[in-house]
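Let me begin by presenting the structure, written as structure tokens, before commenting on it.
The values are calculated or read from the model by the stated rules, or taken from the named source; none is laboratory data. Source: prediction; values computed, not measured. In this analysis, Cβ positions are derived from the backbone assuming ideal geometry, glycine residues included, and neighbour counts consider all displayed protein chains. What goes into the accessible areas is simple: the full protein's heavy atoms, side chains included, and nothing from ligands, DNA or RNA. Shrake-Rupley method; radii C 1.70, N 1.55, O 1.52, S 1.80 Å.
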Amino acid sequence: MHYSAAMHTQPPALLLAAGRGERMRPLTDHTPKPLLQVQGRPLLEWHLQALADAGVARVVVNTAWLGEQISSHFGPRPLLGGREQLSISYSHEGRDFGRALETAGGIARALPLLGGAVFWLAAGDVFAPDFRFDPEAARRFAAGDALAHLWLVENPAHNPRGDFGLSADGRALNLPADSAAPRHTYSTIALLRVELFAAPWCDIPAGNPEGLAAPLAPLLRRAMDAGRVTGELYRGRWTDVGTPGRLAALNATAPSQG
């Protein structure tokens, strides 16, 4: 399904594609994980097509391991569905610093390329063919005061304890370790506010000029403790394509509708 040009108000998106993919070796020894084929397409292309279909016009992709393969494959104006639908900029952490900067470090580094106050985020190694980057969700988020809105999924076998709680009124919760309340797994798809990557939530200098590596979860937990993170459950198909076995299982199923 393709959305009309009226959706041009969609915020930009950042796709995380810098990881080494250690658990996917030897498949990732010579191919970055986002370029591994899932049901006939590179894994990252599923997100790019969904973003284009939802009216997102600008995407930033961060890279490190074999990053030049990703930028060479997609270029600045990838052909999706036979036509150019969006533009891509690249934040080359491997070229600039010789390594990946983890999630928060990579986001902080990419922010100058994104612009604006709000952006979509998705990990390039997640397969979620039913997810819609809903422009109405982005509009609601931009109009509110939350620093992040997370899509959570039911806990997969490889993450049985989950990550975050979810209140009845849609707040994502940083539950104490001994809490018996249910936790859900962060899908790695979110709407984020640039404000989250500045004090008091984050101490990485603007643009991350020194290439500091830092995870995202501590920032989210600080914001959750302040009641500034919302969330909802996503019940569509979702796979963290983290092992050769999970990739093989996806490719043994019928092709998804993209």
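At a glance:
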quantity: Kyte-Doolittle mean at least 1.0, axial Cα span of 15 Å or more - DSSP H helices of the chain; calculated: none
quantity: nm² value of the averaged projected area, convex hull over the Cα atoms of the range 113-211; calculated: 8.4
quantity: Debye, to nearest 20: dipole size of the range 129-258, +1 on Lys, Arg Cβ, -1 on Asp, Glu Cβ; calculated: 220
quantity: Largest-first principal axis extents, alpha carbons of the range 160-258, Å; calculated: 47, 38, 26
quantity: Accessible area (Å², per residue) of the chain, counting only protein heavy atoms and a probe of 1.4 Å; calculated: 44
quantity: Carbon + sulfur, % of accessible area of the range 121-258 - ligands and nucleic acids excluded, 1.4 Å; calculated: 55
quantity: For the range 1-95, convex hull of alpha carbons as volume per residue, Å³; calculated: 93
quantity: DSSP bridge pairs, the chain: antiparallel proportion in percent, nearest 5; calculated: 50
quantity: Distance histogram in 10 Å bins (all Cα pairs of the range 22-151, percent per bin); calculated: 11, 42, 37, 10, 0
quantity: Gaussian network model of the chain, Cα within-10 Å springs - most flexible of Ala128, Ala226, Ala50; calculated: Ala226
quantity: Entry for Cα extents along the principal axes in Å (calculated from the structure that is shown) out of [x] 44, 40, 38; [y] 51, 37, 31; [z] 62, 41, 28; calculated: [x]
quantity: Computed [θ] at 222 nm, helices only, for the chain once each DSSP H run of length n ≥ 4 contributes -39500 (n - 2.57); calculated: -7000 deg cm²/dmol
